[in-house]
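Only one structure is covered here, and it is reproduced in the block below.
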Amino acid sequence: MESTGYYKSNRLLTDRNDPEYELTESKSIKSEHYLNYFHLQLVVSPDNKWIVDNGWVWHPAGCVTGWSILEWIENRWESEDGMSKKNLWSGKEDWNDPLCWVSDNEIGLVGRNNYDFIDEDEPHGWIFRAINLETGNVAKEFPISSGNIFMDTYLFSCLKETGMKIYDINSGLVLFEDEKINPCNYHHKSKEFIGFDNEKIMIYKLIEEECKAANTDTSERLSSSDSSKLRGSR
């Protein structure tokens, strides 16, 4: 897969030929920078300094990697074997699992470990990991549902079978859950979740002031309305 990049001048910065791999009866030949990796979902950090690749390697097993965009501009092979590239989570059971940015340099990942590749004493079941792109270290880890995740003050997990769960990002405690709320996406600017229910578009407003208030009833942190009720105010 050839990488391309443009920066202000529209000049191609990462022009290159794909590294080659040749398998003969006696040996295998790999050209420099050859990467036996399958690229999938790419997400860029909020400050546009990091990129995360939600891909996989052959067995198959999920393998999430990340590298510096600024270094990539200078080194067209940064995504293969550059100094800033890090394996964030290798040996996952699946690939393209849910993820979201927790901060400018911290990515939140959901997944399960594949025990063909890792020790049995590693955590079982679905887990959440927040990983620092600068160090590659796991900053936070706790059990979680397997649904899509969104981060805004709290960590939101949404799955059709279990609805919405809100987690404290630092402790992993479930602060609120409602199996009837199942949004599929979140808009950070408007502070709104969107979902579908009985052929209706449902919008759930995140009330930030109530989220930040201590010892409040978490069930009051979301207010819900269907699209017809909101249309007149837009």
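Results, tabulated for the structure shown:
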item: Verdict on N132 being farther than 30 Å from D197 by Cα and either among the basic types (K, R) or within 13 Å of the chain's Cα centre (by Cα) (or both); result: yes
item: Leading residue by the ranking (surrounded by the most Cβ atoms within 10 Å (Cβ to Cβ)) among those in the range 163-173 that are more than 16 Å from the chain's Cα centre (by Cα) and either in a loop (DSSP other than H, G, I, E, B) or of a type in the set (D, E) (or both); result: G172
item: Strands (runs of 3 or more DSSP E) wholly inside the range 69-162 that include at least 2 residues being surrounded by fewer than 19 Cβ atoms within 10 Å (Cβ to Cβ) and of a type in the set (V, I, T); result: none
item: Counted residues, the range 35-68 - those being part of a loop (DSSP other than H, G, I, E, B) and touching a residue at least 24 places away in the same chain (Cβ under 8 Å); result: 8
item: Among (1) surrounded by fewer than 19 Cβ atoms within 10 Å (Cβ to Cβ); (2) at pLDDT below 90 - the single one L222 does not satisfy; result: (1)
item: Residue in the range 129-141 that is over 26 Å from I51 (Cα atoms) and of a type in the set (A, V, I, L, M) present; result: no
item: Any pair with Cβ under 9 angstrom, 6 or more apart, that starts in the range 148-163 at a residue that is at positive phi and ends at one that is open to solvent by less than 40 Å² (accessible area, probe 1.4 Å) and assigned to a strand (DSSP E or B); result: T153/L206
item: Within the range 113-126, tally of residues that are in contact with a His (Cβ under 8 Å, 6 or more places away or on another chain) and free of Cβ contacts under 8 Å to residues at least 40 places away in the same chain; result: 1
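The values are calculated or read from the model by the stated rules, or taken from the named source; none is laboratory data. Because the structure is a prediction, the values reported are computed rather than measured. Note: ideal-geometry Cβ built from the backbone for every residue, glycine included; neighbour counts use all protein chains shown. Protein only, heavy atoms only, side chains kept; ligands, DNA and RNA dropped before computing areas. Shrake-Rupley method; radii C 1.70, N 1.55, O 1.52, S 1.80 Å.
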